[in-house]
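Taking it in order: structure first as structure tokens, then the write-up.
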Amino acid sequence: MIGENGPFSLSGKKILITGASSGIGRSCAIECSKLGAALIITGRNSERLEETMAMLSGYGHLFKALDLNDGDATSGFISDISNLDGVVYCAGIQKTCPSKLIQRADIEAVFETNFFSIANINSLLLKKKKLNKGASIVFISSTAAGIVAESGNAVYSASKGAITSFAKVLALELSHQKIRVNCILPAMVKTPLLETISVDKEQLELDEKRYPFGYGSPEDVAYAVIYLLSHAAKWVTGTNLLLDGGLTLR
Amino acid sequence: MELQDFVKKFADQFDNTDPEEITASTRYQELEEWSSLTILVVITFVTTEYGKAVTGAELRSCETVEDLYNLIATK
Ligand SMILES: NC(=O)c1ccc[n+]([C@@H]2O[C@H](COP(=O)([O-])OP(=O)(O)OC[C@H]3O[C@@H](n4cnc5c(N)ncnc54)[C@H](OP(=O)(O)O)[C@@H]3O)[C@@H](O)[C@H]2O)c1
């Protein structure tokens, strides 16, 4: 099933993963490489990208340190890469702030990274015809996108709602090229991002008790990404795959 | 930063508590309005107003508004 020729194989596929210097993106890179994908990975921090590179199986992988909010650099980067069979948008930031204290700069920062830059790379990939027929695009959205409300999460939630809605329309527009577009909506996953949520350890431990299966691991998300990138999901587009360890069962 | 001014601004963060009720000696965690949301509000208020980071654990470790003021003052 999982081997070189099974339905979940990524062998021979070229896949771009953003946010691969940490957390979910790094785990996606590692797991996709085990299934035979050739990867192009990005993030801003080149040291941590190189760490990810060292964890990859197989060969033919490339990395590029790049701030995706830098439009010119991103455009140059997309021009330089070869055609892709998959894209995984993992780069994202979190900012916790109660609604009444939100400042415009916070909204701009979160939307810049979590929505504007992603929509921008996506257009660049399409305009420069970098996506092969049958390619698969996966957005890492969140249960924050209108499924679960958490105090202090309004701006982040709005940015993830934006990406989820964006993906739906993209799925329709790209269907005639047989390109599939899907979102994954994880609840809390144990990554360095949790440290930027300005609650403390004890509160996180309490929060995790609400999950029948506890918080997720980055691999839990990576395996769902693999499914959506692979031939196994050839009939799946425009969907939102909820990964929440049972949080929303009641 | 000055204690009376801090108390006034701290009191202003609450929406369902009479500001008069909050003084330097108020045990703020005993206020009816105290919750995980007010914790977030106070953390954000301290960051934006004073450029200092306090954690939820620190907020829980202080008793009175003055204790919190002293904690922030030493940061
Ligand atoms: N952890 C969770 O509980 C959770 C739940 C639901 C959804 N998500 C989503 O999953 C995605 C990955 O999160 P994570 O938990 O793995 O976070 P993480 O460990 O903080 O990783 C975030 C990644 O995004 C990259 N990044 C951020 N800003 C960037 C920019 N301007 N340009 C290029 N790269 C940038 C970071 O790279 P550098 O630091 O090297 O720039 C890093 O590789 C995010 O979209 C997040 O919203 C996370």
*Could you pull out the residue among B:Asp5, B:Asp67 that is loosely packed, with under 13 Cβ neighbours inside 10 Å and modelled with pLDDT of 95 or more?*
B:Asp5
*Just checking, how many residues over segment A:210-230 are touching a residue at least 40 places away in the same chain (Cβ under 8 Å) and over 19 Å from the mean Cα position of the chain (by Cα)?*
0
*Would a scan of segment B:58-70 turn up a residue that is touching a helix residue (DSSP H, G or I) at 6+ places or on another chain (Cβ under 6 Å), over 21 Å from A:Glu150 (Cβ atoms), among the charged types (D, E, K, R) and more than 10 Å from chain A (Cβ to nearest Cβ)?*
no
_Scan of segment B:13-42 for residues that are among the hydrophobic types (A, V, I, L, M, F, W, C), assigned to a helix (DSSP H, G or I) and either more than 14 Å from every other protein chain (Cβ to nearest Cβ) or within 12 Å of the chain's Cα centre (by Cα) (or both), ordered by number_ = B:Ile39, B:Leu40, B:Val41, B:Val42
*So which residues in segment B:16-75 are free of Cβ contacts under 8 Å to residues at least 12 places away in the same chain and β-branched (Val, Ile, Thr)?*
B:Thr44, B:Thr47, B:Thr48, B:Thr74
*Starting from segment A:113-138, keep only residues that are over 21 Å from A:Ser165 (Cβ atoms), then list their pairs with residues that are within 16 Å of the ligand (Cβ to nearest atom) and not hydroxyl-bearing (Ser, Thr, Tyr) whose Cβ atoms are within a distance under 7 Å, requiring at least 6 positions of separation or different chains.*
A:Lys128/A:Ile78; A:Lys130/A:Ile78; A:Lys130/A:Ile81
*Being near the ligand (Cβ under 8 Å from one of its atoms) and of a type in the set (D, E, K, R), is that true of even one residue in segment A:131-150?*
no
_Selected residue [over 17 Å from A:Ile24 (Cβ atoms) and near the ligand (Cβ under 9 Å from one of its atoms)] from A:Glu205, A:Glu195, A:Glu112_ = A:Glu112
*Taking segment B:24-75, which residues are within 18 Å of A:Gln203 (Cβ to Cβ) and basic (Lys, Arg)?*
B:Arg60
*State all residues of segment A:14-40 that are under 21 Å from A:Val189 (Cα atoms), touching a residue at least 60 places away in the same chain (Cβ under 8 Å) and among the small types (Gly, Ala, Ser); if no residue qualifies, say none.*
A:Gly19, A:Ala20, A:Ser22, A:Gly23, A:Gly25, A:Ser27
*Scan segment A:151-192 for residues that are of a type in the set (A, V, I, L, M), within 15 Å of the ligand (Cβ to nearest atom) and more than 17 Å from A:Ser117 (Cα to Cα) and report the count.*
6
*Name the helices (runs of 4 or more DSSP H) wholly within segment A:147-250 that hold at least 1 residues that are of a type in the set (S, T, N, Q) and closer than 27 Å to B:Val41 by Cα?*
A:154-174, A:201-208
*Among the residues of segment A:65-87, which ones are more than 10 Å from the ligand (Cβ to nearest atom), touching a residue at least 12 places away in the same chain (Cβ under 8 Å) and not in a loop (DSSP other than H, G, I, E, B)?*
A:Gly71, A:Ser75, A:Phe77, A:Ile78, A:Ser79, A:Leu84, A:Asp85, A:Gly86, A:Val87
*Got a sec? Which of B:Phe45, B:Phe10 is buried (at least 16 other Cβ atoms within 10 Å of the Cβ), away from every other protein chain (no Cβ under 13 Å) and assigned to a helix (DSSP H, G or I)?*
B:Phe10
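The values are calculated or read from the model by the stated rules, or taken from the named source; none is laboratory data. Predicted model, so just to flag it, every value in this text is computed and none were measured. Neighbour counts are summed over all protein chains in view; Cβ atoms, including those assigned to glycine, are modelled from backbone coordinates with ideal geometry.
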